[in-house]
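The values are calculated or read from the model by the stated rules, or taken from the named source; none is laboratory data. Since this is a predicted model, take the numbers as computed values, not measurements. Note that each Cβ is placed from the backbone with ideal geometry, even for glycine, and that neighbours are counted across all protein chains shown. Please note that ligands, DNA and RNA were not included when accessible areas were found on the heavy atoms of the full protein model with its side chains. Shrake-Rupley method; radii C 1.70, N 1.55, O 1.52, S 1.80 Å.
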Amino acid sequence: MKFHELAIGSALMAAAVAWHTNVRADTLDGKALFVKNCAACHQPTGKGIPGAFPALAGNSFVQGPARDPASVLLKGRGGMPNFSGSLDDAEIAQVLSYVRSSWGNSAAPLTQDEVSALRTDLQVPPASHSRFGNKH
C-alpha cells in the first residue's frame, strides 16, 4: 500500500470514529432527542397539533411532578407510545428536562437516577435501544 493510501485510510477511520462519537453525544442532548422522537407530533415549537397532539409549551402536566410525564414516556398513555425500549434513563431525563425548561416552561430538570427509580417502581425493563423499541 502506498503512503497516501494509508493516510487517506487513516483519515477516513478517524472521521468515522469522530462521527460515531458525535452521534452518541447527540443522543444525550435533550433538544436533539426531542427533535428525533417527539417533534413530529408535538412540533418543534412545543405547540402540538390541536385536536391531535397536545401542546407541551405551557402544559401544567409537563411542568408538574416529574414522575407524571416520565411515567408517560416509560409506559405510554392514550395514543402516545412508550419510549422505554428505545430511550434509556439518561435519555429520558435529558428529553424531559429539555421539555420542562423550553417554550416558557420552568420546571425542574430530572436526573437519570430519578428515571431509573421510576423504571424500577413501574417494573419497566431496561432500554434495548432497538429501533423497534417503541410503538411507532
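So the values come out like this:
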quantity	calculated
Only one of Asn22, Asn134 that is at pLDDT below 95 and exposed (fewer than 12 other Cβ atoms within 10 Å of the Cβ)	Asn22
Selection from the stretch 90-114 of residues that are touching a Gly at 6+ places or on another chain (Cβ under 8 Å), polar (S, T, N, Q) and either under 12 Å from Arg67 (Cα atoms) or not in a loop (DSSP other than H, G, I, E, B) (or both)	Gln94, Ser97
Considering residues of the stretch 79-120 that are closer than 15 Å to Phe34 by Cα and open to solvent by 30 Å² or more (accessible area, probe 1.4 Å) only, the residue modelled with the lowest pLDDT	Met80
Pair list, Cβ under 9 Å, 6 or more apart: the stretch 67-78 residue without any contact (Cβ under 8 Å) to a residue 24 or more places away in the chain, other residue loosely packed, with under 15 Cβ neighbours inside 10 Å and part of a helix (DSSP H, G or I)	Asp68/Phe61; Val72/Phe61
Single unsatisfied condition, Met1 versus (1) open to solvent by 90 Å² or more (accessible area, probe 1.4 Å); (2) modelled with pLDDT of 95 or more	(2)
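Okay, residues lined up against (1) within 14 Å of Leu96 (Cβ to Cβ); (2) under 17 Å from the mean Cα position of the chain (by Cα); (3) crowded, with 16+ Cβ neighbours inside 10 Å:
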site: Val35; (1), (2), (3): no, yes, no
site: Cys38; (1), (2), (3): yes, yes, yes
site: Pro44; (1), (2), (3): no, yes, no
site: Phe53; (1), (2), (3): no, no, yes
site: Ser60; (1), (2), (3): no, no, no
site: Pro65; (1), (2), (3): yes, no, no
site: Ala70; (1), (2), (3): yes, yes, yes
